[in-house]
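Student: Below is one structure. I have some questions about it.
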Amino acid sequence: MANNGLLIVISGPSGTGKGTICKALSEDKDLWISVSATTREPRAGEIDGVNYYFLSRQEFLEKIENDDFFEYAEVYGNYYGTPKWKALEAIYSGKDVLLEIDIQGALKVKQQYPEGVFIFILPPSMEELKKRITNRGTETEESLMRRFKSAYHEMNYISKYNYAVVNDTVENAVDKIKAILSAEKCRVDRLKEKILDSEEVEIHE
Ligand code: 5GP
């Protein structure tokens, strides 16, 4: 337990730019980025263990049975899930693990691993979020409205998180997240285990 890494969960409504932030954070070699498992066929160029762990339906169902996922969902007829065994292996070896996940998934992870660091990414304003969703330019007016409504609704979940970071610029957001992680590593309840484990320091309750 003493030298465990942190489980960092980054999520937020779609259009807030959490993917870009996670990509920037992933340049830090000390962070271990979680790779999801799926039953869908690999697309051209996708590599097992890099883009996804590609599993057969049978393998995936066995892992569900063994409670091997933090969370999973069926999307367009295929299963997708966050492998618990891989993340815990990294955490127990002292590495910090980053999960980028939607809000529903994040809440399931929190139920199972409440000591994780849950960070909600916010747009600078709802107007800006609308612009970012619209600028993707791939959707009809109706689906844009649906996405925007859903993003608006998802804002309500912010109170379930430990931290909120506004994505005004990627640099600012990444700096704030790094500051959060530094502070988390100094928290007494995390440090106490390490100090007590070292057997050299006495802490009086
Ligand atoms: P794709 O097949 O295009 O890579 O992904 C399809 C959908 O699966 C996307 O909406 C993506 O967010 C979702 N997805 C990918 N990995 C996971 C996961 O680990 N858990 C859940 N719940 N959804 C995932």
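The values are calculated or read from the model by the stated rules, or taken from the named source; none is laboratory data. As the structure is a computational prediction, the values presented were derived from the model and not from experiment. Ideal geometry is used to build each Cβ from the backbone, glycine not excepted, and the neighbour counts take in all protein chains shown. Accessible surface is based on the protein model in full, side chains and every heavy atom, while ligands, DNA and RNA are left aside. Shrake-Rupley method; radii C 1.70, N 1.55, O 1.52, S 1.80 Å.
Student: Which trypsin sites (Lys or Arg not before Pro) does the range 16-114 hold that lie in a coil by DSSP with at most 12 other beta carbons within 10 Å?
Tutor: K29, R43
Student: Oh, and also: Could you look at the range 1-105 and say what percent of its accessible area is carbon and sulfur, using a 1.4 Å probe and all protein chains?
Tutor: 46
Student: For the range 8-136, state what percent of all Cα-Cα pairs lands in each successive 5 Å bin, counting from 0 Å until the bin that includes the largest distance.
Tutor: Once binned at 5 Å, the Cα pair distances of the range 8-136 give 2, 10, 18, 21, 21, 16, 9, 4, 1.
Student: Distance from the Cα centre of the range 40-55 to that of the range 58-124, in angstrom?
Tutor: 18
Student: Now for a separate question. Show me, for the range 98-115, the HN-Hα J-couplings you get by feeding each phi into the Karplus relation (A = 6.51, B = -1.76, C = 1.60, θ = phi - 60°), rounded to Hz, glycine and proline as x.
Tutor: Each residue's phi maps through the Karplus curve to give 10, 10, 9, 8, 6, 5, 4, x, 4, 5, 5, 4, 4, 4, 8, 9, x, 6 Hz.
Student: Express the accessible area of the chain per residue in Å², computed with a 1.4 Å probe while the remaining protein chains stay in the model.
Tutor: 59
Student: Can you list which of the GluC sites (Glu not before Pro) found in the range 1-110 are DSSP loop residues with at most 14 other C-beta atoms within 10 Å?
Tutor: Within the range 1-110, the qualifying GluC sites (Glu not before Pro) (loop, at most 14 other Cβ atoms within 10 Å) are E27, E46.
Student: If you don't mind, another one. Past 26 Å, Cα to Cα, is the threshold; run K130/K160; K18/K178; K131/K185; K110/K178; K29/K130 against it and keep the listed order.
Tutor: K131/K185; K29/K130
Student: Near the amide H of Y52, under 5 Å away, which other amide H atoms are found, from residues 5 or more places off or on another chain, if H is placed in the peptide plane?
Tutor: Here the answer is I47, since their amide H atoms fall under 5 Å of that of Y52.
Student: Quick one: helix 188-198 against the long Cα principal axis of the chain, what's the angle to the nearest 10°, folded into 0 to 90?
Tutor: The angle comes out near 40 degrees.
Student: In the range 1-86, what chymotrypsin sites (Phe, Trp or Tyr not before Pro) fall in a loop by DSSP, with at most 16 other Cβ atoms inside 10 Å?
Tutor: Answer by residue number: Y76.
Student: Once the Cα atoms of helix 141-154 and of the chain are each reduced to a long axis, what angle between those two axes, in degrees from 0 to 90 to the nearest 10, is obtained?
Tutor: 20
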